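Quick notes on the structure that follows.
The values are calculated or read from the model by the stated rules, or taken from the named source; none is laboratory data. Not measured: the values here are computed from a predicted model. Note: ideal-geometry Cβ built from the backbone for every residue, glycine included; neighbour counts use all protein chains shown.
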Amino acid sequence: MRSWLPMVIVVALISAGLWFAESEPQQLMGKRPTPQQQNRAADLVIRDARTRHFNTGGTLAYRVDAERITFFQFARRDRADLTEPRILFYLEDEPRWRTESRTGVAHNNGQRVVLKGDVEINELPEPGGIRLDTQSITIKPHQEYAETDKLVTITAGPNRTQGKGLRAHLKEDRVEILSEVQSSYETD
């Protein structure tokens, strides 16, 4: 009668060797990275980034430039951290609105962008257009729409309007301040 013991030992050794070869070092030591640790690793970092986005008709809709874009891909979503982002919106091949800030976060492949830190939005061409200043604003680039619940200051030449909260429809050149509005105007 043949003994199956040597065959079982060989199969067990091969299985253990394959498991050992395919296992991550943290698993072998009994340590698994937490979801937060896994999410900290960037999938892609781009320095001096310049991206162009076109509408369905094939004309330039807007462009995004940044000193650095750090991209993270998660199971159900993505996020891009932006350093010194600048967004330029176009109307019929001419730049119409320019945004600048210290930082930003783009969610879901740029469907929603949150700009923070000395946010400035300028109507072009300068001078003569309006300027909007706030500390934080959410922009939906494809819709050319922006909103915030923070304090906002809008200046146009010597005229100034300040209030809390804003909705801006950039395509329509329409800006709404939501509450606590104060304005000062100079007349000729």
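Among all positions in region 60-71, there is no residue which is without any contact (Cβ under 8 Å) to a residue 40 or more places away in the chain, exposed (fewer than 15 other Cβ atoms within 10 Å of the Cβ), closer than 19 Å to L44 by Cβ and polar (S, T, N, Q).
Annotation: T148 fulfils all but one of (1) farther than 27 Å from R47 by Cβ; (2) part of a helix (DSSP H, G or I); the unmet one is (2).
Applying the criterion of being hydrophobic (A, V, I, L, M, F, W, C) and in contact with an Asp or Glu (Cβ under 8 Å, 6 or more places away or on another chain) to the residues of region 62-81, the residue that is modelled with the lowest pLDDT is F72. For region 15-61, filtered to residues that are polar (S, T, N, Q) and in a loop (DSSP other than H, G, I, E, B), the residue that is modelled with the highest pLDDT is T59. Among residues belonging to region 157-178 that are assigned to a strand (DSSP E or B), of a type in the set (K, R) and loosely packed, with under 14 Cβ neighbours inside 10 Å, point out the one that is nearest to the chain's Cα centre (by Cα). The qualifying residue nearest to the chain's Cα centre (by Cα) is R167. Of all the criteria given as (1) at pLDDT 85 or above; (2) closer than 22 Å to N55 by Cα; (3) crowded, with 16+ Cβ neighbours inside 10 Å, the one not satisfied by L132 is (2). Scanning region 135-151 for residues that are modelled with pLDDT of 90 or more and either over 22 Å from D78 (Cβ atoms) or among the charged types (D, E, K, R) (or both) yields Q135, K140, E147, T148, D149, K150, L151.
Hey, can you tell me all the residues within region 102-124 that are surrounded by fewer than 14 Cβ atoms within 10 Å (Cβ to Cβ), in contact (Cβ under 8 Å) with a residue 24 or more places away in the chain and out of contact with any His (no Cβ under 8 Å at 6 or more places or on another chain)? Result: N108, N109.
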